[in-house]
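Notes follow the structure.
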Amino acid sequence: MSNCIITTAGRALIAACQANRQALAIDKMLFGYRDGLDVSAAPPADFTLTAAETRHTATALTSGLLAADCAVWSAVLDAAVGDFSFNIVGLASGSTLVAVAVQPAQHKVKTSGFSTGNVIIKNFGLQIVNVADLTGITVNAETWQQDLSGLYAPLNHNHDDRYSPIGHGHDSRYSPIGHTHGDLYAPLSAMPPGAIMPYAGNVIPAGFLECAGAAVSRTLYAALFTAIGTAWGAGDGATTFNLPNLRTRFLRGGAASGETGGGQSPRAGLDLTFRELDAEYGYSPGRVVTVPSGGGRSAHIPTGREGNAYAFDVALQENSAEVLPPYAAVKFIIRY
């Protein structure tokens, strides 16, 4: 609740208007701010508002009669007005501060960019005997003031009949925050121990080990040891076992249903170097050559394939013992 007074200067102006049968013309509403202002008590009768304390002056006022001895003036501060704070509202006639009210600080913000400003409507009433004759106001305030009582509920109104209380829960309809559907779906980590996959990162993810041939604990990685045993190496023969070493290796399906493990040759089954092919068979990239049967280098051709034509469209590097198709290097990781 703001504290309002008619100032000493205002009372003098009202008396002068009544004596001279002149109309009291309230032509502006002032909005000011004063640091350290005590808004819990009525301001003194000689209260003044300096230019430095004035934050905004509203001149577009609407006025009307609330009763035979009470008139009201209204100012609308739309979203284009701001930014400022105020704790003083005053009615003025010319340069005379007629009445003033102090209140807790209120903030007026204007629209800026995507930030929408606020709209403030301030009403200021004066109760003076024969105020209609004094001010010349004859319009009833109800003709322009909006009655919003039909749009808002009274302070003690509630919607208990439409909404559940704060402590009400819907446990019977919804699952708690920590609920999962583990009984319906397999989690992402459901790869069985021993499953191998290529991995493009450098940091091995949790739950996996790199297939680099390391010896690891049979106890710490018991599930993995159960899955692969010593197929890739027995470790120390007692407490450790070896992981697959798939560095510079291609994977292929085993010839038998139970065939797994390391030990495959790193070569591709062809030991001929670039120089050997060139010197012995006249090799050039993309050229189809016939490797003769018997003697020479024919021992490097798979048994039973001597005398056949071979197209060496593969990645042969000089002095290399590897025959490689185009490739991209990744890490192989194994689930433990």
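The values are calculated or read from the model by the stated rules, or taken from the named source; none is laboratory data. This one's a predicted model, so the numbers in the text were calculated from it and none came from an experiment. So basically every Cβ, Gly included, is an ideal-geometry build from the backbone, and we count neighbours across all protein chains shown.
Here are some residues: 75, 99. Which one is within 16 Å of residue 10 (Cα to Cα) and either assigned to a loop (DSSP other than H, G, I, E, B) or touching a Leu at 6+ places or on another chain (Cβ under 6 Å) (or both)?
Testing whether each residue is within 16 Å of residue 10 (Cα to Cα) and either assigned to a loop (DSSP other than H, G, I, E, B) or touching a Leu at 6+ places or on another chain (Cβ under 6 Å) (or both) leaves just 99.
Just to be sure I understand, how many residues within segment 191-228 are without any contact (Cβ under 8 Å) to a residue 40 or more places away in the chain and over 30 Å from residue 327 (Cβ atoms)?
7
So, in segment 38-49, exactly how many residues are farther than 22 Å from residue 73 by Cβ and in contact with a strand residue (DSSP E or B) (Cβ under 9 Å, 6 or more places away or on another chain)?
4
Residue 244 - would you say it is surrounded by fewer than 14 Cβ atoms within 10 Å (Cβ to Cβ), within 44 Å of the chain's Cα centre (by Cα) and closer than 13 Å to residue 335 by Cα?
No: the conditions fail for residue 244.
Select, from 100, 89, 76, the only residue that is out of contact with any Phe, Trp or Tyr (no Cβ under 7 Å at 6 or more places or on another chain) and touching a residue at least 24 places away in the same chain (Cβ under 8 Å).
76
Out of 105, 23, which single residue is surrounded by fewer than 17 Cβ atoms within 10 Å (Cβ to Cβ), small (Gly, Ala, Ser) and farther than 29 Å from residue 129 by Cβ?
The unique qualifying residue is 105.
Being farther than 15 Å from residue 6 by Cβ and either at pLDDT 90 or above or under 53 Å from the mean Cα position of the chain (by Cα) (or both) is the filter here, so list the residues in segment 64-78 that pass it.
64, 65, 66, 74, 75, 76, 77, 78
Among the residues in segment 35-55, are any assigned by TED's automatic domain parsing to the domain that holds residue 76 and not in a loop (DSSP other than H, G, I, E, B)?
yes
What's the number of the only condition in (1) surrounded by fewer than 20 Cβ atoms within 10 Å (Cβ to Cβ); (2) in contact with a Pro (Cβ under 6 Å, 6 or more places away or on another chain); (3) not small (Gly, Ala, Ser) that residue 96 fails to meet?
(2)
Against the definition (in the same structural domain as residue 11 (by TED's automatic domain parsing), of a type outside the set (Gly, Ala, Ser) and buried (at least 18 other Cβ atoms within 10 Å of the Cβ)), how does residue 88 come out, yes or no?
yes
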